[in-house]
1. Let me check something: with ligands and nucleic acids excluded, how do A:I208, A:I2, A:I46, A:I77 order by accessible area (1.4 Å probe), largest to smallest?
2. Taking Cα pairs under 8 Å and at least six residues apart, what relative contact order does chain A come out at, in percent?
3. For B:D176, what accessible surface area do you get with a 1.4 Å probe? Give it in Å², rounded to 10.
4. Considering only DSSP states other than H, G, I, E and B, which trypsin sites (Lys or Arg not before Pro) in the stretch B:106-186 qualify as loop sites with at most 13 other Cβ atoms within 10 Å?
5. Tell me which of B:P220, B:T193, B:V251 sits at the most positive position along the dipole axis of the stretch B:193-259, charges placed on C-beta atoms (Lys, Arg +1; Asp, Glu -1).
6. Please build a GNM for chain B, connecting alpha carbons under 10 Å apart, and tell me which residue among B:A249, B:A203, B:A155 fluctuates the most.
7. Using the alpha carbon gyration tensor of the stretch B:248-323, what are the three equivalent-ellipsoid semi-axes (square root of 5 times each eigenvalue), largest first, in whole Å?
8. If you project the alpha carbons of the stretch A:50-245 onto their three principal axes, what span does each projection cover, largest first, in Å?
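The values are calculated or read from the model by the stated rules, or taken from the named source; none is laboratory data. In this text the structure is predicted, and so the values were computed from the model without any measurement. Here the Cβ positions follow ideal geometry from the backbone for every residue, glycine too, while neighbour counts run over all protein chains shown. Surface areas here come from the heavy atoms of the whole protein model, side chains and all, with no ligands, DNA or RNA. Shrake-Rupley method; radii C 1.70, N 1.55, O 1.52, S 1.80 Å.
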Amino acid sequence: MIAQRRRLLRIGAAGIAVALFAVMVLAPEAFERPLAALTKFGQPAIYDRDSILALTLSHMGIVAAASLAALVIALAIGIFVTRPAGAQYLPLARAVANLGQTFPPIAMLAVAVPLTGFGARPTLVALFAYGLLPIFENTIAGLKGVSPQVVEAARGMGMTGRRILREIELPLALPVIIAGFRVSIIVSIGTATIGSTVGAKGLGEIIIAGLQADNLAYVLQGGVLVAMLAILVDLGLGFLERRARQPRSA
Amino acid sequence: MITVEALTKTFGPVRAVDGISFELAEGEALALIGPSGCGKSTTLRMINRLIEPSAGRVLIDGVDTTSIPPATLRLRMGYAIQGIGLFPHRTVAQNIATVPRLLGWPRARIAARIEELLELFGLPPAVFARKYPHELSGGQQQRVGVARAMAGKPAVLLMDEPFGALDPITRTRLQDEFLAIRRRMGTTVLIVTHDMDEAFKLADRLAVMEKGRIVQLDTPEALLRHPASAFVESLVGSEDRGLKLLSLAGVTALMQPATGWTAEADGTFRKAGADASLAPLSASASLREAASRLVFAGVDELPVVDEAGAMVGAIAMERIIAFGGGGR
Ligand SMILES: Nc1ncnc2c1ncn2[C@@H]1O[C@H](COP(=O)(O)OP(=O)(O)O)[C@@H](O)[C@H]1O
Ligand SMILES: [Mg+2]
């Protein structure tokens with residue numbers, strides 16, 4: 001009963017968020033009136049130096065590329081260090097992942113620009129490094145959380161290590177891994193805004209333009225767009241996470 | 001079937017298993033029994049190569065197991081463990097299908113096998129096949145665990161305290177069921193347990209282990225009558241040995257022709273000259289049950305009847321007492 005109501009609420013919230021976001025991206029003029037109240041001296045209320053759709057797509061593209069790369073690498077390393085052969089590398093891998101997270105992304109950009117040039121590339125590097133840790137840690141936690149007896153039974157019945165990983169360990173660890181990916185990508189969506197300082201095309205451009213021109217309407221427009229994007233991705237991945245958990249808590 | 005030769009496992013300075021040898025014949029049930037930490041599980045796990053021996057070898061049908069890839073070997077050996085280890089994300093049917101799938105059986109054969117096993121273990125397929133492990137009681141989960149271990153028709157079933165985590169009533173019921181299934185299927189079983197009653201009940205022979213060695217390998221009766229050491233004696237239970245001995249044999253073993261008994265209309269029997277009539281013993285009763293009934297009724301003889309209620313003989317207290325003779 002309660003679960004059903006919560007589900008309806010979630011679906012309703014998601015629907016409203018999707019609709020709102022679509023209007024903000026496809027028809028930003030719709031918000032001209034309310035935003036105009038925040039401008040002074042006849043500043044434009046809606047960012048018009050580039051199409052919002054193009055900026056949004058580029059922002060999403062950069063985040064998706066960096067997050068997927070982080071997912072693949074963190075997953076691969078997480079699997080490796082939880083195998084008997086790779087266990088000795090766990091402390092090393094953990095140290096590297098931690099470093100990626102503790103090193104401020106803005107500093108990472110500064111380091112990356114001389115190596116990769118301006119544009120999307122340094123942003124990709126920074127987001128990738130920043131996004132590894134939550135996926136890596138959750139992969140390890142998820143795999144280590146699989147009951148040793150379940151794995152022992154699988155091995156004792158003649159399943160090979162590869163098969164146990166694919167059919168038993170990964171499916172059981174999946175909800176935890178998705179949760180890690182969810183944290184990683186949400187953080188990335190926000191962090192990607194700083195990419196605009198080094199010429200990456202994205203929603204950060206609107207915010208930075210607003211800061212430079214002292215235009216609060218721009219800042220608000222860019223900020224809300226980024227926040228909505230993060231909320232939508234969070235809702236979507238939350239849904240996947242619950243799906244992955246399903247068979248065991250039906 | 002399985003030959004174990006001088007099997008040894010050392011973990012650092014610890015000799016967990018110390019030169020163990022035994023044979024397991026086809027159709028036989030052998031129990032490895034001993035206190036916790038004596039090396040039972042390690043022995044079992046060396047047989048299916050979950051642990052590699054430090055020395056010694058294991059043969060299956062005369063073939064050294066080290067010449068068979070571990071995964072292939074394990075497909076021929078069922079494995080059921082105390083923690084059960086059912087796959088929580090798979091249904092009962094999918095769990096049971098694990099080994100048949102690995103063996104590449106055709107779909108229809110797998111489905112038939114699942115059905116057969118669920119019926120055998122008293123879990124109606126229509127109700128249980130599509131349930132997930134968390135929807136089952138402990139006893140049901142354990143049944144599925146054993147059914148899963150038997151699914152691929154293994155040459156031998158290895159069980160490590162399979163009924164360990166259950167309440168006494170459920171455990172006894174599962175032991176009875178398993179015994180019946182084993183008798184019907186003729187399954188070869190190697191079972192690890194620290195529970196002597198379980199070993200007596202399920203196994204034809206017991207290998208009593210102490211500190212990594214087998215100190216006596218014998219039938220339950222021989223263990224009770226002639227324990228090789230004070231340790232074995234304490235393990236088989238010195239107080240109630242006589243009663244345990246009686247529970248190993250059925251009344252039919254000591255039954256004599258019934259003389260002087262007449263049947264009453266209500267299914268009871270009256271001995272000539274006695275004023276009360278007595279309920280008879282079932283021919284499937286153990287000597288222990290017979291002794292209990294004799295004591296409780298305060299008589300020295302009881303009639304024995306078959307399933308149809310027809311008298312097949314009589315059992316006398318003096319013969320039961322003589323059965324235990326020889327102990328000190
Ligand atoms: N992987 C291991 N590493 C170190 N010692 C172990 C390991 N497995 C078992 N042992 C030791 O070997 C001995 C026998 O263990 P085990 O075979 O599990 O005993 P049992 O099943 O009879 O209780 C114990 O002393 C135990 O501590
Ligand atoms: Mg054990």
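1. Accessible-area ranking of A:I208, A:I2, A:I46, A:I77, largest first: A:I2, A:I77, A:I208, A:I46.
2. 25
3. That residue has around 80 Å² of solvent-accessible surface.
4. Sparse-neighbourhood loop trypsin sites (Lys or Arg not before Pro): B:R130.
5. Value computed over the given set: B:P220.
6. Looking only at B:A249, B:A203, B:A155, the largest GNM fluctuation is found for B:A249.
7. Its equivalent ellipsoid spans semi-axes of 18, 14, 11 Å.
8. 67, 36, 21
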